[in-house]
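Nothing in this text is a laboratory measurement; each read-out follows from the coordinates by a stated rule. None of the values given here were measured: they were computed from a predicted structure. Quick reminder, even Gly has a Cβ in these numbers, built from the backbone with ideal geometry, and neighbours come from all protein chains shown.
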Amino acid sequence: MKNIGYYNGKTGPIEEMTIPMNDRVVYFGDGVYDATYAVNHVIFALEDHIDRFFRSFSKLKIPFAMSKEELAKTLQDLVNQVDNSESLMVYWQTTRGTGMRNHVFPDGPANLFVTIRPNPLTAIDRTLKLITVEDTRFLHCDIKTLNLIPSVMAAQAAKEAGCQEAVFHRGEIVTECAHSNVSIIKSGVFCTAPLNNLILPGTARKHLVALAAQVGMQVSEKPFTVAELMDADEVIVHSSGTLCNAAVEIDGKRVGGRAPELLKKLQDAAVKQFEDYTKVKFADYAK
């Protein structure tokens, strides 16, 4: 099977799956999601992603009934049914349930929706071009909510500008990207925005903080500005599928490129961690 969809126990090819019109996702985007990648039938950093998923739905009081172990087994069983000749994006979401449109919470259980499909990882030596966008999202960016219209609009603006990602900022303070986190290297220090309600607690971010310390870099988890972003020695975009990639242009201006040795150390450490976990060669699943 090339891909698989799942909805409350029913499975089939994604193109043939349907959901009820009264699922809360249709009216309100009332749910949360998470995603990671699987190679060789191994789901990378699954425990980290499930932990974040549970934090997200708990903050919204969604009555998700599965335990972490049951969810992990469900996702693994689904991955095992898909051909493993390519890297697979493993995506899952829960919504508050199904009921006639009403703003108050419905009675009944939450819904679980899963899709697993081929999607390549980002080659570690691929460089990126970015744009900056004023961050007008809500004040709960730490919840991986399904309400992603601001991120969708920013990602489309980046595409139209010939770029791969958009960097959000609130005033002069950088927060994160439309679908990634962003960090910088400056004077040998790995600098990343602090964990608060304004950014998603990225799994790749968590790993890079630890890996930076592992390769001998100091780590600063403090706010940095757009000016500091533009003047950084290196600008790094990171997510589950883009582990640690350098940005070379922001808003049409060249950036980074001044600490290639440190960047390479961090990239090598990220790739090694992935390969040690999955027991496959990262480059075989990236482009």
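Give me the residue from the stretch 257-287 that is among the aliphatic types (A, V, I, L, M) and touching a Cys at 6+ places or on another chain (Cβ under 7 Å) and, out of that set, nearest to E86 (Cα to Cα). Looking at residues that are among the aliphatic types (A, V, I, L, M) and touching a Cys at 6+ places or on another chain (Cβ under 7 Å), I get A270. Hey, does the stretch 77-88 have a residue that's under 23 Å from A283 (Cα atoms), in contact with a helix residue (DSSP H, G or I) (Cβ under 8 Å, 6 or more places away or on another chain) and assigned to a loop (DSSP other than H, G, I, E, B)? Scanning the stretch 77-88, I find at least one residue that is under 23 Å from A283 (Cα atoms), in contact with a helix residue (DSSP H, G or I) (Cβ under 8 Å, 6 or more places away or on another chain) and assigned to a loop (DSSP other than H, G, I, E, B), so the answer is yes. Restricting the stretch 14-47 to residues that are outside any loop (DSSP other than H, G, I, E, B) and in contact with a Phe, Trp or Tyr (Cβ under 6 Å, 6 or more places away or on another chain), the residue that is farthest from V114 (Cα to Cα) is V39. For the stretch 125-154, taking the residues that are touching a Pro at 6+ places or on another chain (Cβ under 9 Å) and loosely packed, with under 14 Cβ neighbours inside 10 Å, the one that is nearest to L262 (Cα to Cα) is identified as T136.
Here is a check on your reading of the model: is T242 more than 18 Å from the chain's Cα centre (by Cα) and hydroxyl-bearing (S, T, Y)? So T242 fails the test. Scanning the stretch 257-281 for residues that are among the hydrophobic types (A, V, I, L, M, F, W, C) and touching a strand residue (DSSP E or B) at 6+ places or on another chain (Cβ under 7 Å) yields A259, L262, L263, V280. Filtering the stretch 5-34 to residues that are of a type in the set (F, W, Y) and closer than 24 Å to H49 by Cβ leaves Y6, Y7, F28, Y33. Please verify whether V133 is without any contact (Cβ under 8 Å) to a residue 60 or more places away in the chain, outside any strand (DSSP E or B) and more than 21 Å from F44 (Cβ to Cβ), treating the condition exactly as stated. When the stated conditions are applied, V133 does not pass them. Among the conditions (1) in a loop (DSSP other than H, G, I, E, B); (2) surrounded by 18 or more Cβ atoms within 10 Å (Cβ to Cβ); (3) touching a residue at least 60 places away in the same chain (Cβ under 8 Å), F64 misses just one, which is (3).
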